[in-house]
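Structure first, then comments.
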Amino acid sequence: MSNNYEAENIQILEGLEAVRKRPGMYIGSTGPRGLHHLVWEIVDNSIDEALAGYCTHIEVDIMPNDIIAVTDNGRGMPIGLHPKTGRPAVETIFTVLHAGGKFDGSNYKVSGGLHGVGASVVNALSEWLTVQVSREGKIFEQTFRRGKVSDDLHEIGVSDHNGSKVIFKADSEIFQETTEYDFETLRNRIQQLAFLNKGLRITLTDSRTSEEEPVTLSYMYEGGIREYVAFLNQNKSCIHKDIIYIEKEVNGITAELALQYNDGVQSNIYSFTNNINTPEGGTHEEG
Ligand code: 28F
């Protein structure tokens, strides 16, 4: 076994231990906000795949026993051996901190997530995490426990489509306050992400209700932030019917604006960069 592999392994273990020792450094807190941040880190990687032009539908399923499943119909995480680690690329994404989904620097145009850093952080803070990749007509699966490989990537079946699925259970040793997800918190942000990423369908299902049928809400807005402004103004009397909409790309950077005046005295301005809300504003909002 070449010693750089051992060095790699030590770096992997140190990275994940660092996350478990100081989770707040990576997800802000270990309270409910930090718990929900786990979902956003995984969803952001699917959104990156949508922004790259390959994913049109993301599904988030809140399952019994505080388990979350996120599925996308993108290309499927790569399974080829990673040049540096000699391990399958998908294993590297989930075990190497800052390796992320874009470790060869081929970043997508924009990425709300921490450039794929999120996947290994979620893995380190989960009692267990299973990733399933549908690619090349097959389904490959790998499971981790508290960030460590518990079984190697292996084929579990065949598939007529491509995509990635991540199922995880947050570690109650880390999230001692609660590991229970709040439906409205997830619903609100999922709807907002659908507004911010026009044409992308995002579906939320709550299968925790053992008695009744699961609750499913699906959001897709072809009009994007234009529809967001209409939604925000739906109970207001607006002083002009048509929503002002501007979209412009310069040097690969795109800016979008949607504006509609209502007859109120309070102005509600919501600005975002890469899907992340910027409550303090910034040059984009000034512009
Ligand atoms: C449920 C969570 O994480 N989806 C993802 C992809 C697709 C590719 C990718 C991700 C390494 C060097 C990029 C596939 N084929 N869902 C997800 N889908 N990561 S994460 O690649 C990581 C590459 O740069 C992908 C060709 N290119 C990229």
Problem set entry | Positions within segment 158-180 being part of a strand (DSSP E or B), under 23 Å from Thr92 (Cβ atoms) and either more than 16 Å from the ligand (Cβ to nearest atom) or hydroxyl-bearing (Ser, Thr, Tyr) (or both), in sequence order | Ser164
Exercise. Is one or more of the residues making up segment 29-49 among the basic types (Lys, Arg) and either without any contact (Cβ under 8 Å) to a residue 40 or more places away in the chain or more than 9 Å from the ligand (Cβ to nearest atom) (or both)?
Worked result: yes
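How about segment 194-254: which strands (runs of 3 or more DSSP E) wholly inside it have at least 2 residues that are more than 22 Å from the chain's Cα centre (by Cα) and more than 24 Å from Gln266 (Cβ to Cβ)?
Passing ranges, in order: 244-250.
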Exercise. On the given criteria, is Gly100 surrounded by 20 or more Cβ atoms within 10 Å (Cβ to Cβ) and either at pLDDT below 95 or more than 9 Å from the ligand (Cβ to nearest atom) (or both)?
Worked result: yes
Exercise. Can you tell me which residue in segment 75-97 is nearest to Phe168 (Cα to Cα), limited to those that are more than 9 Å from the ligand (Cβ to nearest atom) and outside any loop (DSSP other than H, G, I, E, B)?
Worked result: Phe94
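The values are calculated or read from the model by the stated rules, or taken from the named source; none is laboratory data. Computed from a prediction, not measured in an experiment: that's the story for all the values here. For neighbour counting, all protein chains shown are included, and Cβ atoms are generated from backbone atoms with ideal geometry for every residue, glycine included.
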